[in-house]
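Presented below is the structure to which this report refers.
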Amino acid sequence: MPNKQTDLLDEYHDHRDKNNPIAPLADRMRPDSLESFIGQSHLIGKDKPLQRALYSGQPHSMILWGPPGVGKTTLARLIAHYSQAQFLSISAVLAGVKEIRQAIEHAKQHYQTYQHSTILFVDEVHRFNKSQQDAFLPYIENGTFIFIGATTENPSFELNNALLSRVRVYLLHSLSQDELLSLLESALLNHKKGLGDDAIEIMDEDKLHLVRAADGDARQLFNLLDVATDLMVLEGTKNYINSDMIKQTILGSQRRFDKRGDLFYEQISAFHKAVRGSSSDGALYWMSRMIEAGCDPLYIARRLLVIASEDIGNADPRAMQVALNAWDAFERLGAKEGNRAIAQAAIYCALAPKSNAVYKAFNASMKCAKESGSLDVPTHLRNAPTQLMEAMGYGQYYRYSHDEPEGFSAGQTYLPPELEDIQFYQPQERGLEIKFKEKLTYLQHLNQCASEQKS
């Protein structure tokens, strides 16, 4: 016999958003068909993978990965609707092993009674630990339920390989401004679920302010609109929301940024690649995005030090000092003036000549050191502080370069004989490395001449 409480819970899941006038606007405006779903056309457009899964009524287990407010929960509900499946939802923030077991039992009872499958939706699935994630595995395999997990974090890092091997991962994107504007207009005009009965007037420019503040997040957009309606004033037969009300509504709202999550690393990656690609505008934009959203500016300063070594190197050794000076200026001046110093360093590094020759040379030398084993130090490079070591030839034939012409002891080697032909550092034809390359070529010529004379 089915669990009555579960049936009531499912009914609540299915109908609360449509008929509850005091529910948040974001819940009331959830689409109840694929045609009314806005966004994610790469997944649910014509002949796209999720569209086929929905219309076929034969869904598969999956992970929906994307930022907040882009439709992960709504898509899971639509999949349950189109497949005529029971919809059970648990949140990894609140649930534990006990709740997982209860959901599994509900799914078993439902199938035994109705011969219908169950969609088990797990929100914030990345918050479950390994043992909790493992608890789902046998029931995904034997078909007790179709598993749909939602996460804002990269599944590659946050979910077990065993779970990932049993599901498909779909990446959902932030909503565009046009898509958010369409949702906003729908909420203002919809009489059944939205605000159509309130006859609200908002200037187009103010609508755009709301859309920009929502930052790709439909839930945030509806929440902002909900707040704005508390401030609206009635004039005649219409309610008006003006610019001042919009400003009050969005005051304090921030761009999406999570110093521990994917967005942080994506933006840092974009900043680094803009500097490497000599785009000063790109570097400034991503730096400003991160600072505006709450990133510690000193993290950006530290990243510039990495760039100065990894991507500029000896093409312009001054870049390292510029980055260090910006860091020092921030600590001495504080954020307001210090941010400008970091911006100055970012522009300098972006427009400096680029070379990764030092980076490549160091990696190559580390690889060689690891693979070549414990090669002996050549005898002439060893010190001889004792008579015994001197008698063994330590330091014999070593030539002191300061006493040689041009301060260079041509023909003297500094690597083990097994590696004497190797060259880690290959300077490029950029910036100061042009001079370095000329110098290396000249020194190699002197070594060659010394070798020929010796032979």
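The values are calculated or read from the model by the stated rules, or taken from the named source; none is laboratory data. Note that the coordinates shown come from a computational prediction; the quantities given were computed from them, not determined experimentally. As a convention, Cβ positions derive from the backbone with ideal geometry for all residues, glycine included, and neighbour counts pool all protein chains shown. Only protein heavy atoms, including side chains, enter the accessible area calculation; ligands, DNA and RNA are left aside. Shrake-Rupley method; radii C 1.70, N 1.55, O 1.52, S 1.80 Å.
Structure data summary
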item	result
Whichever residue in the range 369-382 is over 47 Å from the mean Cα position of the chain (by Cα) and part of a helix (DSSP H, G or I) and, among such residues, is farthest from His445 (Cα to Cα)	Thr379
Residues being among the polar types (S, T, N, Q), closer than 19 Å to Ile140 by Cα and at pLDDT below 90 - total across the range 50-81	1
Candidate set from the range 12-49 (those that are farther than 17 Å from Thr73 by Cβ and modelled with pLDDT under 85); member that is surrounded by the most Cβ atoms within 10 Å (Cβ to Cβ)	Pro49
Output for the range 112-129, where each listed residue is within 17 Å of Leu78 (Cβ to Cβ) and either of a type in the set (Val, Ile, Thr) or more than 20 Å from the chain's Cα centre (by Cα) (or both)	His116, Ser117, Thr118, Ile119, Leu120, Phe121, Val122
Candidates Arg302, Arg332, Arg340 - the one that is surrounded by fewer than 17 Cβ atoms within 10 Å (Cβ to Cβ), of a type in the set (Lys, Arg) and under 21 Å from the mean Cα position of the chain (by Cα)	Arg302
Qualifying positions in the range 408-455 - open to solvent by 60 Å² or more (accessible area, probe 1.4 Å), of a type in the set (D, E, K, R) and under 41 Å from the mean Cα position of the chain (by Cα)	Glu429, Arg430, Lys435, Lys437
Residues satisfying the stated conditions in the range 28-41, i.e. over 26 Å from Ile140 (Cα atoms) and outside any loop (DSSP other than H, G, I, E, B)	Arg28, Glu35, Ser36, Ser41
Residues of the range 357-376 that turn out to be surrounded by fewer than 18 Cβ atoms within 10 Å (Cβ to Cβ) and in contact (Cβ under 8 Å) with a residue 40 or more places away in the chain, as a count	10
Residue list for the range 324-364, restricted to those being within 12 Å of Ile307 (Cβ to Cβ) and charged (D, E, K, R)	Lys354
Condition check for Ala319: touching a Cys at 6+ places or on another chain (Cβ under 6 Å), modelled with pLDDT of 95 or more, aliphatic (A, V, I, L, M) and within 18 Å of Leu305 (Cβ to Cβ)	yes
Per-region count, the range 339-361, residues over 17 Å from Trp286 (Cα atoms) and part of a helix (DSSP H, G or I)	5
Any pair with Cβ under 8 angstrom, 6 or more apart, that starts in the range 33-49 at a residue that is free of Cβ contacts under 8 Å to residues at least 60 places away in the same chain and ends at one that is of a type in the set (Ser, Thr, Tyr)	Leu34/Tyr55; Leu34/Tyr82; Phe37/Thr74; Lys48/Ser41
Tally of residues being in contact (Cβ under 8 Å) with a residue 40 or more places away in the chain and in a loop (DSSP other than H, G, I, E, B) across the range 427-455	5
Asp226 being open to solvent by less than 60 Å² (accessible area, probe 1.4 Å), among the charged types (D, E, K, R), in contact (Cβ under 8 Å) with a residue 40 or more places away in the chain and in contact with a strand residue (DSSP E or B) (Cβ under 7 Å, 6 or more places away or on another chain)	no
Residues of the range 160-176 satisfying the condition of being of a type in the set (A, V, I, L, M, F, W, C) and either assigned to a helix (DSSP H, G or I) or free of Cβ contacts under 8 Å to residues at least 24 places away in the same chain (or both)	Ala162, Leu163, Leu164
Matching option when the condition is open to solvent by less than 70 Å² (accessible area, probe 1.4 Å) and modelled with pLDDT under 95, among Ala270, Ala345	Ala270
Selection count, the range 383-407, where residues are touching a helix residue (DSSP H, G or I) at 6+ places or on another chain (Cβ under 7 Å) and assigned to a loop (DSSP other than H, G, I, E, B)	7
